[in-house]
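Please read the structure below before turning to the comments.
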Amino acid sequence: MTTETCAPTPALLALLRACDGSIEPRSQGAEARVYDVQLSGVECVAKQRFAKTYRLRELDERLTRSRLSAEARTMVRARKLGVLAPHVVHVDAKESCVYMERIRGCALKEALRSGETTREDLRRFGEEIGVAVAKLHDGGIIHGDLTTSNLMVRDEDGRVVVIDFGLSYPSKLPEDKGVDLYVLERAITAAHPSQTVLFDDILAAYKKTSQMWCSTLNRFAEVRARGRKRSMVG
Amino acid sequence: MARVRYDAVPGDDAPEARSWTFASVTNARAVVDAARAGTLDACVLDGRSVVGARALDMACYRARVAIDRGEGVARGAHAEIILGLSHSRNVGEAFRRFGGGETSETLVIVAFEDASGGDRGIEARVMELVEGRLTSFDDRGAIDEASIKTWFKIGDAELALGGSLEDAVLSRMAIRDVA
Ligand SMILES: Nc1ncnc2c1ncn2[C@@H]1O[C@H](COP(=O)(O)OP(=O)(O)OP(=O)(O)O)[C@@H](O)[C@H]1O
Ligand SMILES: [Mg+2]
């Protein structure tokens, strides 16, 4: 990758300079970089998507932009549904950048690995995550990338905040919801094999909260069975 | 006179915005007419519909960026600020909701500075024109919460998350162009 593609775009750069922030991203992903920045005196992060150069440039820019708007819109919808996600503060479509509230805290992944989570903490995480996912699903939103890296534990009150709506999409299909849950289950069993009880708590809270839990959980069981078969065949 | 806190400004030499807030205004109509006629080169807002300083700040920032990029959709920088406060690109609606009206008692007047940081004589013009009590933005009095909630479709589930009304409004303003 050339240094040029790594540089923040002009408006973002101006904001980083104006708040004496580091122009190094705090996170560098496959499709996005995340920077710490201040906007109107408030601590934010700027998530900037960049074009994957191996795709057609024009198609790519269009995809990047539609992803970006979907991500920002979905975060606002999630909060409307009562799901704790960062506030969106500003969207710069031209620079493919979403500015949002900076969550002070750590990834759930780190919290689980710290060895400091009690059974009681797990129960609370499970409850909050199950309720959040059920509200998203009932509101017709599939998160698309439910992992313990895309859930953060907030310092101020220990609450779980859902982040990274970059792969989210609208759907009410039980299949899509089932897959969403299955992705989460796999993420937990793979990354936290001794804490899979967390997923049981998530399902229990989901079942209590979602109006459509029955069709979703039936489909989830099928998705899971398919997944098992596939992994046995190899 | 208060400066719109403008930490968001892109680049050091870009014009900043200043604001003046008046309570107990008795001649809102004349002020609005002056802005409409162009004899007051500033944006005139109804204090009750501006949810907070951050919202105003972000509206100014977005207006600035849009104009710098030649993407402005309203007539002029100051109309662009009013549009920036809205969740839609309907200029008429934005003026009705956020612009000063005949019956406004609190007015927030915002103007961009010129490139060298001067106020283009706006302050003197504002002082001469507005009949009311100059106050600070934070002392502008009650906002019209009920209307703001309706316009921006902000419900209890969202407010129960513990964020402020202003945060909720900011998010609607933010997705205006991608909604
Ligand atoms: N609002 C936020 N507050 C604090 N940190 C954040 C916030 N959003 C993102 N981060 C940090 O940046 C990292 C990457 O962000 P995110 O998960 O949204 O993008 P990504 O995984 O790189 O992108 P994508 O999956 O959309 O390609 C997160 O794991 C988290 O550490
Ligand atoms: Mg992520």
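The values are calculated or read from the model by the stated rules, or taken from the named source; none is laboratory data. Just so it is clear, the structure is predicted and the values come from calculations on it, not from any experiment. All Cβ positions, glycine included, derive from the backbone under ideal geometry; neighbour counts span all protein chains shown. Surface areas here come from the heavy atoms of the whole protein model, side chains and all, with no ligands, DNA or RNA. Shrake-Rupley method; radii C 1.70, N 1.55, O 1.52, S 1.80 Å.
Please determine whether any residue of the range A:28-38 is more than 10 Å from chain B (Cβ to nearest Cβ), modelled with pLDDT under 85, within 15 Å of ligand 1 (Cβ to nearest atom) and open to solvent by less than 70 Å² (accessible area, probe 1.4 Å). Checked the range A:28-38: no residue is more than 10 Å from chain B (Cβ to nearest Cβ), modelled with pLDDT under 85, within 15 Å of ligand 1 (Cβ to nearest atom) and open to solvent by less than 70 Å² (accessible area, probe 1.4 Å). For the range A:141-190, the candidate set comprises residues that are of a type in the set (Gly, Ala, Ser), in contact with a Gly (Cβ under 9 Å, 6 or more places away or on another chain) and within 15 Å of ligand 2 (Cβ to nearest atom); within that set, the residue that is nearest to A:Arg219 (Cα to Cα) is A:Gly144. Just one of (1) open to solvent by 10 Å² or more (accessible area, probe 1.4 Å); (2) assigned by TED's automatic domain parsing to the domain that holds A:Leu203 fails for A:Leu112. It is (1).
To keep it simple, each residue is scored yes or no on (1) at pLDDT 95 or above; (2) not hydrophobic (A, V, I, L, M, F, W, C).
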position	(1), (2)
A:Ala51	no, no
A:Ser69	no, yes
A:Thr74	yes, yes
A:Ala111	yes, no
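Screening B:Ser147, B:Ser136, B:Ser116, B:Ser104 for residues that are at pLDDT 95 or above, more than 14 Å from chain A (Cβ to nearest Cβ) and surrounded by fewer than 16 Cβ atoms within 10 Å (Cβ to Cβ) leaves exactly one candidate, B:Ser147.
For the range A:1-16, filtering for residues that are at pLDDT below 85 and out of contact with any strand residue (DSSP E or B) (no Cβ under 9 Å at 6 or more places or on another chain) leaves 6. Inclusion of A:Ala134 among residues that are in contact with a Gly (Cβ under 6 Å, 6 or more places away or on another chain), more than 30 Å from A:Ala46 (Cβ to Cβ) and touching a residue at least 40 places away in the same chain (Cβ under 8 Å) is not warranted. Scanning the range A:149-164 for residues that are surrounded by 14 or more Cβ atoms within 10 Å (Cβ to Cβ) and not β-branched (Val, Ile, Thr) returns A:Ser149, A:Asn150, A:Leu151, A:Met152, A:Arg154, A:Arg159, A:Asp164. In the set (1) of a type outside the set (Asp, Glu); (2) more than 15 Å from the chain's Cα centre (by Cα); (3) away from ligand 1 (no atom under 13 Å from the Cβ); (4) not assigned by TED's automatic domain parsing to the domain that holds A:Thr216, A:Arg77 fails one condition alone, (2). With respect to the conditions (1) farther than 18 Å from A:Asp138 by Cα; (2) in contact (Cβ under 8 Å) with a residue 24 or more places away in the chain; (3) of a type outside the set (Asp, Glu), A:Arg230 lacks only one, and its number is (2). Please verify whether A:Leu68 is open to solvent by less than 20 Å² (accessible area, probe 1.4 Å), more than 9 Å from ligand 1 (Cβ to nearest atom) and in contact (Cβ under 8 Å) with a residue 40 or more places away in the chain, treating the condition exactly as stated. In short, no.
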